[in-house]
Amino acid sequence: MATQEEAKAKANELFKQHKFEEAIEAYTEALKFGDNAILFSNRAYAWIKLDMMGAAMEDAQKAINTDPNYAKGYVLSASWSYSSKSILMTILF
């Protein structure tokens, strides 16, 4: 059975290959070993690559909740917020 680090390495490699759906599955497998802010934020970024902003925001928030000192969770959350506001402004104006 793989460790969380091995599962993370597999997920990261899939992400580098632009296999974002497979990377999301691999990050999910790695998270079965326990909550990890880095894994949540990496999975959030993979969701962003697939334009799945709601799922990305959920994972960004999980990263923040898991480790409030992990800045990348906040950056991803802000990216989602900025993207949502841009879309709303486009629709309204």
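Before moving on, here are some points about what is shown:
- Local electrostatic count at K19 - Lys and Arg +1, Asp and Glu -1, tallied over other residues with Cβ under 12 Å: -1
- 10 Å beta-carbon shell around N42, net charge (K/R +1, D/E -1): +2
Rule-based calculations on the coordinates, nothing more; no lab input. As the structure is a computational prediction, the values presented were derived from the model and not from experiment. Virtual Cβ from ideal backbone geometry, glycine too; neighbours counted across all protein chains shown.
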